[in-house]
Amino acid sequence: MKLWGGRFEAGPSEIFERFSGSLDFDRRLIDADIRGSQAFARALERAGILTAEERSMIVAAFDAIRAEAAAPAFYEGATDEDVHTLVIRKLKEHAGAVADKIHTGRSRNEQVSLDTRLWLREECDRARSLLAATMGAMLDLAAKYPDAVIPGYTHMRRAQAVLWPHYLLAYFEMFARDWDRLGEARRRADVLPLGSGALAGSGFPFDRQAIAQDLGFAAVTYNSMDVSGDRDFALDFLYAASTAMIHLSRLAEDWILYSSEEFGWMELGDGVTSGSSLMPQKKNPDSLELIRGKSGRVLGCLTSLMVTMKGLPMTYNRDMQEDKVPLFEAADQVSGSLEMARAVIESAKLNSSRPAVAAEESWVVATDLAEALARAGTPFHQAHQIVGRFVLESVRKGKKPAEWTAEEMREFAPEFGECMAGLLDPRRGMDSRELPGGTGPAAVAGALAEARERLQRMTT
């Protein structure tokens, strides 16, 4: 059946039907479509379009359709244009002629917007829940190795020593921002479009606030023309999902490196790695590589919808049907990647001696020495030059930091005080970094406790 057709002398061609149909992908909106239509039936009763008996019959028919839709056979042989047409056809089979009243004063434009918003609210909630679980796993891993020292990197070169929990807390902060962004995307989707009609508003006296309350929306939209052409809420979700995937991809890249033989910092569990069909010794980080790869798909989803929307005139255009595929794809990939990331984190083991040696053998202490000279009265620019020459001399002699004595340091530069030799131990330098947000042991312990409290608030 069609929701239109009186204007036409002939029906659409088979090619157009096949080209324009969307049931194969928008069928996942069926529960949202049913819930929205049930609420609209109650609105029609309040507006005097349906009797209480008719409303009851329609709502019950929708319940039956929902139950039937749980079986894969429900869609077999369906040739409907989209999920909305399918639901209306099924409603007529269950409820008879009264089904023809369900579309009174309602446009498919606003119906699609409603269904997508209902579905998207739940996807935002699901992604946020998975994010919180991943963040919890990150904090648990930090707690397993509270005192482990690793080199922090800039430009993929050893830069300064940091605590392992401090490194993990950096990703916690990224994910916390993702959690906030998904919440903002949910807030923007949480606005009722019903009552907007096709573009000019409905000609029936619907109580939009009552419909919003019925469906749990926080507010109603302000402008019917805007509703008809709006997919900002979908773009907001896609941006939040893309940013989360970027963060997951960066974590994946780190851990692919850190678990390699060249680094040897980490061991990933057997359950999240794979072998080679040819090389028996291989233990490949496929789970992380897939997360890194899937991030490109989600970024592509954001780009796809942005390009679709950029040149559309006011108000609805059929191009907007193309929002569903990238939206569904991104939601699936970000949720799957978060689940995978949590499993990887839970499986990970840190070989803390390897990064500790890397820190001790490199010159991650150089900044600590320069700052110590500055605190002792040497202008920082000069201190920087002194330590730079000290590092150069060490490199020339093949000398590691721990191989210098305090006396040798003073012979090289009299500005080096007796106590400064202790800063050749990376742990000593971290003790000066106790400002909030720093890698000092007390600062990190406090940040871990505060992160636990924040995560608890997120999940309650």
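Filter the trypsin sites (Lys or Arg not before Pro) in the range 387-437 down to the DSSP loop ones having no more than 14 other Cβ atoms within 10 Å, then list what survives.
K399
Relative to the longest principal axis of the chain, what angle (0 to 90°, nearest 10) does the C-alpha long axis of helix 108-144 take?
For helix 108-144, the angle is close to 20 degrees.
Where only protein heavy atoms count, and the probe is 1.4 Å, what is the accessible area per residue for the range 281-422 in Å²?
51 Å²
For a Förster distance of 22 Å, can you work out the FRET efficiency between the beta-carbons of D180 and D140, rounded to the nearest 0.05? Don't skip to the end; give the middle numbers.
Numbers: r = 22 Å, r/R0 = 0.99.
That pair, D180 with D140, gives E of 0.50.
Quick check: the angle from helix 30-46's long axis to the longest principal axis of the chain, C-alpha only, nearest 10 degrees?
50 degrees
Remind me, relative contact order of the range 243-364 in percent, using alpha carbon pairs under 8 angstrom and six or more residues apart?
35 percent
Quick one: work out the % antiparallel among DSSP beta bridges in the chain, nearest 5.
Once the DSSP bridges in the chain are tallied, antiparallel ones form about 80 percent.
Only Cα pairs under 8 Å and at least 6 apart count here; give the relative contact order of the chain as a rounded whole percent.
16 percent
Tell me, how many Å apart are the Cα centres for the range 365-439 and for the range 14-83?
72 Å
Which listed residue (L169, H103, W265) has the Cα farthest towards the positive end of the charge dipole for the chain, taking +1 on Lys and Arg C-beta and -1 on Asp and Glu C-beta about the Cα centre?
Comparing the listed Cα positions along the dipole, H103 ranks first.
Keeping the other protein chains in place, figure out the carbon and sulfur percent of the accessible area of the range 15-142, with a 1.4 Å probe.
Accessible surface attributable to carbon and sulfur in the range 15-142 totals 53 percent.
Grab the Cα-Cα distance for M306 and S56, subtract it from 0.36 nm times how many residues apart they are, and report the gain in nm with one decimal.
Contour length minus Cα-Cα distance gives 85.8 nm.
Within the accessible area of the range 240-335, what % is carbon and sulfur when the probe is 1.4 Å and the other protein chains stay in place? Spell out each step's value before the answer.
On the way: 2460 of 4500 Å².
Carbon-and-sulfur percentage of accessible area, whole number: 55.
Taking a virtual spin label 7 Å from the Cα of N284 along the C-beta vector, which residues in the range 245-262 bring their backbone nitrogen under 19 Å of it?
Taking a point 7 Å out along Cα→Cβ of N284, the residues of the range 245-262 whose backbone N falls under 19 Å are 252-262.
With the crude spin-label approximation of a point 7 Å out along Cα→Cβ, what separation in nm comes out for T459 versus A67?
3.6 nm
As I understand it, the value is the acute angle between the Cα axis of helix 52-69 and the longest principal axis of the Cα atoms of the chain; what does it come to in degrees, rounded to 10?
Once rounded, one gets 50 degrees.
Rounded to the nearest 0.05, what FRET efficiency is calculated for E14 and D100 with R0 set to 35 Å and r the Cβ-Cβ distance?
For R0 = 35 Å, the calculated efficiency reads 0.85.
Applying 1/(1 + (r/R0)^6) with R0 = 22 Å to the Cβ-Cβ distance of R375 and M156, what FRET efficiency is obtained, to the nearest 0.05? Before the final figure, lay out each step's value.
Values: r = 30 Å, r/R0 = 1.36.
So the FRET efficiency works out to roughly 0.15.
By how many nm would the segment from E93 to L257 grow when fully extended, if each residue of separation counts as 0.36 nm and the alpha-carbon distance is taken off?
On the way: separation 164, 0.36 × 164 = 59.04 nm, distance 5.91 nm.
This chain segment gains 53.1 nm when fully extended.
The values are calculated or read from the model by the stated rules, or taken from the named source; none is laboratory data. Everything numeric in this text was worked out from a predicted model, so none of it was measured. Because the Cβ atoms are built from the backbone with ideal geometry, glycine has one as well, and the counts that use them run over all protein chains shown. These accessible areas exclude ligands, DNA and RNA; they are computed on the full protein's heavy atoms, side chains included. Shrake-Rupley method; radii C 1.70, N 1.55, O 1.52, S 1.80 Å.
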